[in-house]
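**Q** Just passing along the structure, written as structure tokens.
Nothing in this text is a laboratory measurement; each read-out follows from the coordinates by a stated rule. In this text the structure is predicted, and so the values were computed from the model without any measurement. Ideal geometry is used to build each Cβ from the backbone, glycine not excepted, and the neighbour counts take in all protein chains shown.
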Amino acid sequence: METQVFGGDQHVKRPARPLWTAMKRGFMGRCPHCGEGKLFASFLKPVHHCEHCGEEMFHHRADDLPAYLVVVVVGHVIVGAFMGVEATSTLSTWQHLAIWVPLTIIMALALLRPTKGAVVGLQWALYMHGFGGETEEVEALPET
């Protein structure tokens with residue numbers, strides 16, 4: 001079994017988790033560990049734990065990364081397509097709005113959930129944010 005060494009003072013050796021498989025499973029809305037259980041309880045809310053293998057999902061920290069990635073991808077696709085259509089046709093401003101605004105919204109909504117799943121899969125594969133069994137310590141702010 002291949003092992004990975006992670007930094008820090010402890011240098012804990014852990015078995016390697018398949019990064020691309022975990023991200024692909026997350027992208028498909030499945031548990032990154034087993035690929036069988038559902039990853040999402042609702043549109044963007046992950047399940048507390050996998051119904052098939054019991055892997056806990058509640059401690060993920062996808063935060064805003066999926067939204068940023070979706071904005072970058074959708075922005076490049078839409079702007080490139082818009083510029084190509086603009087260069088080869090004579091559509092009015094209203095026709096462009098009727099095409100590109102709905103297309104942008106549909107693409108963003110269609111990509112948001114799979115992207116979040118892939119980010120959760122990435123975090124699971126790299127033992128990030130509690131996926132390695134450790135608890136995250138929260139430092140208390142000093143009282144003034």
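**Q** For Arg14, list long-range residues whose amide hydrogen, built 1.01 Å from N in the peptide plane, is under 5 Å from its own amide hydrogen.
**A** Placed amide hydrogens put Gln4, Phe6 under 5 Å from Arg14.
**Q** By the gyration tensor of its Cα atoms, with a ≥ b ≥ c the square roots of the eigenvalues, what is the shape of the range 91-132: rounded for a/c under 1.5, prolate for a/b over b/c, or oblate?
**A** prolate
**Q** Using the 10 angstrom Cβ neighbour count as an exposure proxy, how do Met107, Met57, Met28 rank, fewest first?
**A** Values: Met107 16, Met57 25, Met28 13.
Final ranking by Cβ density, sparse to dense: Met28, Met107, Met57.
**Q** Just to check, using Stokes-Einstein with a Kirkwood Rh over alpha carbon pairs, what's the diffusion coefficient of the range 29-125 at 4 °C and 1.567 mPa s in µm²/s? Write down the numbers at each step before the final one.
**A** On the way: Rh = 15.2 Å.
Translational D for this selection: 85 µm²/s.
**Q** In percent, what relative contact order does the range 29-125 have, based on Cα pairs under 8 Å that are 6 or more apart in sequence?
**A** Result for the range 29-125 is 34 percent.
**Q** Continuing with this model, one more query. Just order 95-102, 115-122, 68-75 by mean Cβ neighbour count inside 10 Å, highest at the front, would you? Present the calculation step by step, with values, prior to reporting the outcome.
**A** Values: 95-102: 12.5, 115-122: 24.4, 68-75: 14.8.
Final packing ranking: 115-122, 68-75, 95-102.
**Q** Shifting gears a bit: What order do you get for Lys13, Lys24 when you list them from fewest to most C-beta neighbours inside 10 Å?
**A** Lys13, Lys24
**Q** Test of understanding: what is the full-extension gain from Leu19 to Gln95, defined as 0.36 nm times their sequence separation minus their Cα-Cα distance?
**A** 23.1 nm is the gain from fully extending Leu19 to Gln95.
**Q** Sticking with this one: When only Cα pairs under 8 Å and 6 or more residues apart are kept, what is the percent relative contact order across the range 35-75?
**A** Result for the range 35-75 is 25 percent.
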